[in-house]
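Below is one structure; the comments refer to it alone.
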Amino acid sequence: MVLSNPYEKQLGLSSRQVELKKAQGKQNIVLERAVKTTGQILKDNICTLFNLFNVLIAIALAFARAWSNMFFILVIAINILIGIIQELHARNLVEKLSLLSRPMVKVIRDGIVAKLPAQELVEEDVTELETGNQVCADSVILEGHVEVDESLLSGEADPVYKSPGERLLSGSFIVSGKCTARIEHVGIDNYASQVAHEAKKQRRIHSELLATMRKVTHYTGFLIPPLGIVLFVQAVILRGDSVDNAIVTTAAGLLGMLPKGLVLLISISLAAGIIALSGKKVLVQELFALETLAHVDTLCLDKTGTLTLGKCMWKTCC
């Protein structure tokens, strides 16, 4: 859609140059995913050694038609559902996290100003920015003077004056003035995209509860198979039980070694805490991250509320 005449001082890129930039992958599109896929979330919550032991015992009980002894599977299912639902909810919220609204942008190509979606921009495109516009890609001002609101990036509410030769960061807003700017970075190379990427990135957490549960499962993993065989042989050969009765008694002995109730209790407690935090607009990406928060006794912030360093800078605050 042509918006103005072709007699602009800045001719911008030609159609051929734009196609070449797109072929080189220098388009304003973010292709990476910093969050877990649905498949990864399902795999992490379902495919565990603890669940495997319980499923194998359940299969053995089903073979013996001991249906009344299989209610423990309900506990396992509830525990799995709590983890999956919480992670899916957090993943969906994180995916919506973006500092760029992706509006239509005035761009000069072949000397003509046209309005294009932000994802159609390429590196070295020349754009026109005016009051109310969001900067959709890191750029350098060629002509004009503007005041820029960078509060989304720096937390500072005061407008910043920009003149030719100075840089405009993606995610900032033009609050006054008008300028022509050439795009420096596109896609994930943009400052705003990198900030959003860091916020979305999954970080490995250290959880004493999780480590302890894994340790218990690891040790019982060595004991359950041989102990199961011993108990089954003892029931069939020494006590003369039928195969079905032997399976039931063996399963009863093995299930006592798997702390199902403890796992469910931990999951419900953490889920209750996450629900309480969500009411205060706090996003918890992983169930056991709440335990990490419980160990925090001092949080150091600067005057804009930005968490700067993971350590205390002043003795007086401790």
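The values are calculated or read from the model by the stated rules, or taken from the named source; none is laboratory data. It should be emphasised that the depicted structure is a prediction, and the values quoted were computed from it without experimental measurement. FYI the Cβ positions are ideal-geometry reconstructions off the backbone, even for glycines, and counts take in every protein chain you see.
Structure notes:
- Answer residue from region 163-187, given it is in a loop (DSSP other than H, G, I, E, B) and without any contact (Cβ under 8 Å) to a residue 60 or more places away in the chain and is nearest to Val122 (Cα to Cα) among those: Leu169
- Assessment of region 257-268 against the conditions (β-branched (Val, Ile, Thr), within 23 Å of the chain's Cα centre (by Cα) and not in a loop (DSSP other than H, G, I, E, B)) yields at least one matching residue.
- Note on region 124-137: residues that are part of a loop (DSSP other than H, G, I, E, B) and surrounded by fewer than 22 Cβ atoms within 10 Å (Cβ to Cβ) amount to 4.
Residue-wise test of (1) modelled with pLDDT under 85; (2) surrounded by 13 or more Cβ atoms within 10 Å (Cβ to Cβ).
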site: Asp149; (1), (2): no, yes
site: Ile174; (1), (2): no, yes
site: Tyr191; (1), (2): yes, yes
site: His206; (1), (2): yes, no
site: Leu255; (1), (2): yes, yes
site: Pro259; (1), (2): yes, yes
